[in-house]
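Everything on this sheet refers to the single structure shown next.
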Amino acid sequence: MKDRLFRLAYGIVRDQEEAEDILQDLLLKLWSRKEEWSDIGNLEAYCFRAIKNMALDRLATMTVRKTDSIEREKEDLYFVDHQSPHSEMVVKEQRILIERCLRELPENQQLTFRLREVEGMSYREISETLAISEDLVKISLFRARKKMKELLAGYGS
Amino acid sequence: MAAKNDGYIDILLERYWSCETTLSEEQELRDFFSQSNLPAAWQPYAPLFAYTREEQSVSLSEGFDERLKKAMEKEKAGNKEYITIRIFAPLLRVAASLLLIVGLGISIFFITRQNNNPWFVETYDDPNAAIKDATYALEKLSHALQTTEEASLETIRVIDDLDIDWSALDSLMAEDEELTADSLAATAQEKKDTLHIGTFISNNKKEKEI
């Protein structure tokens, strides 16, 4: 559970330390409100929602704080270019491409994709986590996968 | 194995793109795409499944639980430390406003009292004592005045005793004034004379010639 929450936060902020920080904040908050746990219907979905919101908030302040994320990406590419064998370079480049494509997706699609592919959640779980309807989950996932397919097919040819 | 599964994978993949696969089927796809010698037709999609697999392996760093524990203890300690303040927080607000009101009231009271008060305040209960003290104060004052008057009279007497000829002094002053006035007039006249003297001489000469 902790790892899944962490992965969701990490998926949003893309920073190990920040994600762990967010998770710690969430757990501390949860701990301080132990008596309210019984009032929360689905604690797991509640936690996912909370960490999603916290991570998005953090991401907003992070982009204000530091704007070197794109630079770092470029650096990675540069590094790969000169030191790794060709196949590794291609893999890394594809990874960066996928990541960038994901990041450009609307928030709902991005999170749906992540929760489905990485966390292996059912449509119902995702709809509870993101507080959207199951239909919207399916639509979002469909659009995200379609985008990925287009990207990969285009890259392969 | 690949040849046998080709059609199956194709179908799975198609269903995957249209979001009809179940979670277990998606896992099957991920497993299939993780094999190293993938047929070329599926090669383009391998990075996607590789990416999700990689993302699945992301986990918390080892020290996280330890840090969380510490933070929780700190939080607990912090709660204890400020628990009294937290309980009295609403009361503190009331107390602060009360203090403000009382302070304002006191300052206003003093300011108004200061303005209304007469400068002289009756401090004596016994009129006789008041008269006595007043007389004493007045006597002190008149005594002081008297001494200064005497002192000035004494000075005048001393000056009289010096027997100065005042009229002489006055005339001296007047003379001095006259003198300065005279000298001014004289210098002005001198300048005029020097101007005229040349013409005067030439006139004289002419008269003689004639």
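The values are calculated or read from the model by the stated rules, or taken from the named source; none is laboratory data. Note that this is a predicted model, so its numbers are computed, not measured. Positions of Cβ are backbone-derived with ideal geometry, glycine not excepted, and every protein chain shown enters the neighbour counts.
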Residue set A:ASN42, A:ASN108; condition within 25 Å of B:THR22 (Cα to Cα) and either modelled with pLDDT of 80 or more or hydroxyl-bearing (Ser, Thr, Tyr) (or both); output residue A:ASN108
Residues of segment B:19-60 being over 30 Å from A:LYS2 (Cβ atoms), surrounded by 12 or more Cβ atoms within 10 Å (Cβ to Cβ) and among the hydroxyl-bearing types (Ser, Thr, Tyr), in sequence order, are B:TYR45
Subset of segment B:10-44, residues part of a loop (DSSP other than H, G, I, E, B) and more than 19 Å from A:GLU150 (Cβ to Cβ), comes to B:THR22, B:SER34, B:GLN35, B:SER36, B:ASN37, B:LEU38, B:PRO39
Of the residues in segment B:45-75, those that are assigned to a helix (DSSP H, G or I), within 7 Å of chain A (Cβ to nearest Cβ), in contact with a Phe, Trp or Tyr (Cβ under 7 Å, 6 or more places away or on another chain) and closer than 19 Å to A:GLY120 by Cα number 1
Only one of A:ARG114, A:ARG72, A:ARG103, A:ARG95 is in a helix (DSSP H, G or I), among the basic types (Lys, Arg) and modelled with pLDDT of 85 or more, namely A:ARG114
Filtering segment A:127-157 down to residues that are β-branched (Val, Ile, Thr), crowded, with 18+ Cβ neighbours inside 10 Å and more than 11 Å from chain B (Cβ to nearest Cβ) yields A:THR129
Of (1) of a type in the set (A, V, I, L, M); (2) over 30 Å from A:LYS146 (Cβ atoms); (3) at pLDDT 75 or above, B:LEU48 fails just (2)
The correct count of residues that are in a helix (DSSP H, G or I) and surrounded by 12 or more Cβ atoms within 10 Å (Cβ to Cβ) in segment A:35-52 is 10
*Just to be sure, is A:SER32 hydroxyl-bearing (Ser, Thr, Tyr) and either crowded, with 23+ Cβ neighbours inside 10 Å or within 10 Å of chain B (Cβ to nearest Cβ) (or both)?*
yes
Of the candidates B:ILE159, B:ILE201, the one satisfying the condition of being modelled with pLDDT of 80 or more and β-branched (Val, Ile, Thr) is B:ILE159
